[in-house]
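Encoded as structure tokens, the structure appears first; notes follow it.
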Ligand code: UD1
């Protein structure tokens with residue numbers, strides 16, 4: 001699409017980010033629009049769901065995300081308060097900009113809140129990373145996914161199984177396009193800039209004797225409410241991690257929710273060890289470097305399951321289910337739940353050289369955002385022509 005042929009009466013694409021896992025998905029999309037559809041105007045709205053330096057600012061810099069045009073500054077709150085605040089503050093943005101569509105990514109509260117506002121105001125909504133299902137309605141993200149996909153107009157998927165999930169929910173195939181994984185676009189384009197683990201550790205003031213001669217270590221992240229919000233569960237998991245640390249040293253990047261709960265439940269002693277390094281939430285390039293050189297990753301994050309598959313690093317996922325089954329079927333991911341023996345057994349198997357090798361899933365090739373830019377501009381123009389008839 002050349003700039004001359006972009007219809008003057010088509011408003012901008014309002015792109016929404018809210019929380020950390022949105023940033024790595026939106027960065028390649030904005031770059032693809034700028035490179036391949038330069039005439040297509042975009043407005044970047046940050047809801048402010050994540051706001052502090054570690055969860056927000058560093059990632060914007062690392063991912064070369066432009067400064068948001070608008071920040072709604074909603075901050076933390078209960079799900080109801082956070083979702084409602086995003087909705088109230090997002091509505092005037094649509095009144096002001098009269099966008100051609102709202103583009104949301106992922107499954108956080110901001111994703112659903114902005115989808116609801118867009119749809120109710122008659123603005124088409126485009127959801128990137130549609131159709132993923134854990135089939136666990138106890139997960140707040142699952143509710144966000146199901147509702148967003150039900151009402152959004154155009155659904156871009158990361159893996160083929162997502163279409164089956166959507167069809168099962170009565171969503172018409174015409175609304176769904178398989179384009180691949182924009183998160184992997186970010187990973188591939190940033191791999192060469194990843195920080196070395198030695199640099200990350202020394203900047204955090206960690207002595208390198210922490211690592212053994214083989215420089216083997218495991219990266220740990222935990223933040224799901226189901227794992228960290230109850231004393232018993234968190235205590236049991238931290239005890240297992242301590243046992244794991246006797247086999248391999250751990251680099252544990254602590255999410256604010258997890259750090260707060262460790263303090264609240266007085267569990268600090270469980271993670272006080274020469275074999276466990278506690279770090280604040282890491283920047284994107286630090287985390288990429290840490291994962292790339294790790295012997296294994298232990299996590300409950302959705303994103304890390306995909307990133308380890310793309311990097312070929314064995315991943316043990318501390319959850320009972322995953323909305324990203326391709327990482328288990330094709331990738332390096334193994335679900336171990338929160339069962340002590342399953343976690344320890346999984347670690348032993350990897351350390352004995354038996355970790356999964358995996359292969360790269362279809363369309364996880366660094367070009368997903370380009371596919372979205374090309375398809376979306378065609379879709380918007382076709383819609384615009386229809387509306388004029
Ligand atoms: C949110 C997303 C989750 C995503 C995760 C990544 C939802 C429902 N959940 O969960 O899908 O995997 O982000 O981090 O949208 N906090 C800070 N600084 C910040 C942001 C949060 O200290 O910049 C603290 C607050 O005390 C807050 C807690 O972390 O209460 C949790 O943040 P919140 O955005 O509510 O949910 P997450 O658990 O981060």
So which residues in region 132-148 are part of a helix (DSSP H, G or I) and in contact (Cβ under 8 Å) with a residue 60 or more places away in the chain? 140, 141, 142, 145
Tally time: how many residues in region 359-376 are surrounded by fewer than 22 Cβ atoms within 10 Å (Cβ to Cβ), touching a strand residue (DSSP E or B) at 6+ places or on another chain (Cβ under 9 Å) and farther than 15 Å from residue 176 by Cα? 2
Determine which single condition residue 29 fails, assuming it passes every other condition in (1) over 16 Å from residue 128 (Cα atoms); (2) away from the ligand (no atom under 16 Å from the Cβ). (1)
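Conditions tested, residue by residue: (1) out of contact with any helix residue (DSSP H, G or I) (no Cβ under 6 Å at 6 or more places or on another chain); (2) within 18 Å of residue 12 (Cα to Cα).
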residue: 32; (1), (2): no, yes
residue: 35; (1), (2): yes, yes
residue: 53; (1), (2): yes, no
residue: 57; (1), (2): yes, no
residue: 62; (1), (2): no, no
residue: 69; (1), (2): yes, yes
residue: 84; (1), (2): yes, no
Specify the residue that is surrounded by the most Cβ atoms within 10 Å (Cβ to Cβ); the eligible residues are those in region 263-280 that are more than 23 Å from residue 337 (Cα to Cα) and within 16 Å of the ligand (Cβ to nearest atom). 279
Kindly provide the set of residues from region 202-236 that are modelled with pLDDT of 90 or more and under 14 Å from residue 294 (Cα atoms), ordered by number. 216, 217, 218, 219, 220, 221
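Give the residue, chosen from 198, 260, 236, that is within 16 Å of the ligand (Cβ to nearest atom), assigned to a helix (DSSP H, G or I) and over 30 Å from residue 378 (Cβ atoms).
Values: 198 fails: within 16 Å of the ligand (Cβ to nearest atom); 236 fails: within 16 Å of the ligand (Cβ to nearest atom).
On inspection, the qualifying residue turns out to be 260.
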Considering 64, 145, which residue is more than 30 Å from residue 7 (Cβ to Cβ) and modelled with pLDDT of 95 or more? 145
Any residue that is more than 18 Å from the chain's Cα centre (by Cα), modelled with pLDDT of 95 or more, loosely packed, with under 15 Cβ neighbours inside 10 Å and not in a helix (DSSP H, G or I) - is there at least one of those in region 172-179? yes
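Based on this model, can you work out whether residue 37 counts as over 19 Å from residue 190 (Cα atoms) and within 16 Å of the ligand (Cβ to nearest atom)?
On the way: over 19 Å from residue 190 (Cα atoms): yes; within 16 Å of the ligand (Cβ to nearest atom): no.
Criteria not met by residue 37.
Taking the conditions exactly as written (buried (at least 23 other Cβ atoms within 10 Å of the Cβ) and within 15 Å of the ligand (Cβ to nearest atom)), does residue 317 satisfy them or not?
yes
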Which numbered condition in (1) assigned to a helix (DSSP H, G or I); (2) modelled with pLDDT of 95 or more; (3) over 16 Å from residue 351 (Cβ atoms) is the only one that residue 252 fails? (1)
When region 1-34 is examined, which residues are found to be over 23 Å from residue 96 (Cα atoms) and without any contact (Cβ under 8 Å) to a residue 60 or more places away in the chain? 2, 3, 4, 5
Could you go through region 75-85 and let me know if any residue there is more than 15 Å from residue 182 (Cβ to Cβ) and touching a residue at least 40 places away in the same chain (Cβ under 8 Å). yes
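The values are calculated or read from the model by the stated rules, or taken from the named source; none is laboratory data. These numbers were taken from a predicted model, which means no experiment stands behind them. Because the Cβ atoms are built from the backbone with ideal geometry, glycine has one as well, and the counts that use them run over all protein chains shown.
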